[in-house]
Structures are given as C-alpha cells and as structure tokens.
Amino acid sequence: RDITEQKIAEKIKEEFTEQLELKVKERTSELEIYQNELKYQVDTLNQVALVSVTDTDGNITYVNDVFVRLSGYSREELVGKNHRILKSGKQPQEIFKGIWKVISQGKIWKGEIINKAKDGSYYWVNTTIVPFFNVNGEIEKYVSVRFDITEQKQLQEKLKHSLIKEKELGELKSHFVSTASHQFRTPMAIIHSNSE
C-alpha cells in the first residue's frame, strides 16, 4: 500500500512538474516576445528622439546618441552634469522652476525649450519629462524625451517676420494712397472749378 501511494505521489509530482515546466516555457516565450517588442520600440525612439535620464537631483545619468549629436557635447561631458549645461538664457528662469515643481510632484511635464549647443548655436526641443517611481512609490529618476523642432521654429519666425513686413507694407501703402489722394484732390478741385 505504501508503495502504491508513493507511486501515486510520484506520478502527481511528475505531472505537476511537467505542467509547471510547460507554464514556465509559455511565460518565457511571452516575455521574450514582449522584450523584443520593447527593444524595438526603444531602438526606434533612439533613432528619432533625444533621450536622457537624470537622477532626483537633476544630474544626467544617461543620454542617447541623438542627444549627443544635437547638443555637440560628448557623453562624458554630459553624464554627471545638470541640464543647465544646455541652458540658453533665452527663457525666463521661472519656466525651469515650474518644470522642477511639476516633475518633483510626480507629474509629467510637457513643453518647448530652447537649448544652447556646445558650439553656441541654439536649438528648440519639444520636451516630455516623466518621473519614474521605485517600489516604495518614491521618485527614483526622470526620463526626458525630446524632439528637435528647430526647423519648425525657424519657419514660424520667418512667417511671423513676413506677416509683420506684409502688415507694415499694407500700412505704408494705405498711408501712400491717403497722402496721394489728398495731394491730387487739391489740384483736381482747382481744375474742376476752372472748367466751370
């Protein structure tokens, strides 16, 4: 009887082990698919966006190649530094205080920032900063994803200047017509009165 119970227990253990191994294989396969998809998404993002990671003090711990290329700084020059290294001085300090206030409360910040590259040139980025939390619910780091919108901003600026010039030209034209009309009115009145 003990031998029969032992055989039954071994059979149950064997079936349980087989089922567990099957579940582990299925789950491993699902995780590999998920991991490959995530890797594909990260690789895609790294091709088109400036990505950086900072610690809770705002010090850069990671930058991708696009970030390095656009800023003109090497990875070594950026890691360990604060994003202030890129500050252009063309935006009020209140903007950056506002950014810090939002993200330090665990909220996502989105907006446009003008940065200064190592060579002194300026570039605009559409930025999203996302706080990441540890298992205790505390902010552990900030991940920034930025898209270069410099060309777009330059085109907007050209369009703005073009519209201003067009408005000035319209005002000048209106002034000329008004002045010319006034100056022609007097001689025309004289001619008209003499012809009567």
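The values are calculated or read from the model by the stated rules, or taken from the named source; none is laboratory data. All values reported here derive from a predicted model rather than from experimental measurement. Cβ: placed from backbone, ideal geometry, glycine included. Neighbour counts: every protein chain shown. Accessible surface is based on the protein model in full, side chains and every heavy atom, while ligands, DNA and RNA are left aside. Shrake-Rupley method; radii C 1.70, N 1.55, O 1.52, S 1.80 Å.
Looking only at residues that are open to solvent by 20 Å² or more (accessible area, probe 1.4 Å) and among the β-branched types (Val, Ile, Thr) in the stretch 99-123, which one is nearest to Asn64 (Cα to Cα)?
Ile108
Just to be sure before I move on: is Asn126 assigned to a strand (DSSP E or B) and open to solvent by less than 50 Å² (accessible area, probe 1.4 Å) in the structure I sent? So that I can check it myself, show each step before the final result.
On the way: assigned to a strand (DSSP E or B): yes; open to solvent by less than 50 Å² (accessible area, probe 1.4 Å): no.
Here the answer is no, as Asn126 does not meet what is asked.
Against the definition (assigned to a helix (DSSP H, G or I) and over 30 Å from Phe133 (Cβ atoms)), how does Arg27 come out, yes or no?
Numbers: assigned to a helix (DSSP H, G or I): yes; over 30 Å from Phe133 (Cβ atoms): no.
Answer is no for this residue.
Quick one: in the stretch 80-114, of everything that is among the polar types (S, T, N, Q) and not in a helix (DSSP H, G or I), which residue is nearest to Phe133 (Cα to Cα)? Explain how you work it out, then say what you get.
As a first pass, look at the stretch 80-114 and keep what is among the polar types (S, T, N, Q): 82, 88, 91, 93, 104-105.
Now restrict to residues that are not in a helix (DSSP H, G or I): 82, 88, 91, 105.
Values: Asn82: 20, Ser88: 30, Gln91: 29, Gln105: 11 Å.
It comes out as Gln105.
What are the residue pairs meeting all of these: first residue in the stretch 95-107, first residue over 13 Å from Ile139 (Cβ atoms), second residue in a helix (DSSP H, G or I) and open to solvent by less than 60 Å² (accessible area, probe 1.4 Å), Cβ atoms under 9 Å, and 6 or more apart or on different chains?
These pairs meet every condition: Phe96/His83.
Within 17 Å of Asp57 (Cα to Cα), open to solvent by 40 Å² or more (accessible area, probe 1.4 Å) and in a strand (DSSP E or B), is that true of Phe132? Give the steps one after another, and end with the answer.
Details: within 17 Å of Asp57 (Cα to Cα): yes; open to solvent by 40 Å² or more (accessible area, probe 1.4 Å): yes; in a strand (DSSP E or B): yes.
The answer is yes for Phe132.
Does the stretch 140-153 hold any residues that are touching a residue at least 40 places away in the same chain (Cβ under 8 Å), open to solvent by less than 40 Å² (accessible area, probe 1.4 Å) and not charged (D, E, K, R), and which are they?
Hits for the stretch 140-153 are Tyr142, Val143, Ser144, Val145.
With respect to Lys87, determine if the residue is open to solvent by less than 100 Å² (accessible area, probe 1.4 Å), within 28 Å of Ser121 (Cβ to Cβ) and without any contact (Cβ under 8 Å) to a residue 40 or more places away in the chain. Let's see the steps before the verdict.
Details: open to solvent by less than 100 Å² (accessible area, probe 1.4 Å): yes; within 28 Å of Ser121 (Cβ to Cβ): yes; without any contact (Cβ under 8 Å) to a residue 40 or more places away in the chain: yes.
Against the criterion (open to solvent by less than 100 Å² (accessible area, probe 1.4 Å), within 28 Å of Ser121 (Cβ to Cβ) and without any contact (Cβ under 8 Å) to a residue 40 or more places away in the chain), Lys87 qualifies.
For Val51, indicate whether it is touching a residue at least 12 places away in the same chain (Cβ under 8 Å) and part of a strand (DSSP E or B).
Against the criterion (touching a residue at least 12 places away in the same chain (Cβ under 8 Å) and part of a strand (DSSP E or B)), Val51 qualifies.
Given the options Gly120, Gly137, name the one that is farther than 27 Å from Leu86 by Cβ, without any contact (Cβ under 8 Å) to a residue 12 or more places away in the chain and not polar (S, T, N, Q). Working first, answer last.
Values: Gly120 fails: farther than 27 Å from Leu86 by Cβ.
After ruling out the rest, the residue left standing is Gly137.
The rows are residues; the columns are (1) farther than 28 Å from Lys141 by Cβ; (2) of a type in the set (Gly, Ala, Ser); (3) surrounded by 11 or more Cβ atoms within 10 Å (Cβ to Cβ).
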position	(1), (2), (3)
Lys11	yes, no, no
Glu15	yes, no, no
Leu22	yes, no, no
Tyr62	no, no, yes
Leu70	no, no, yes
Gly80	no, yes, no
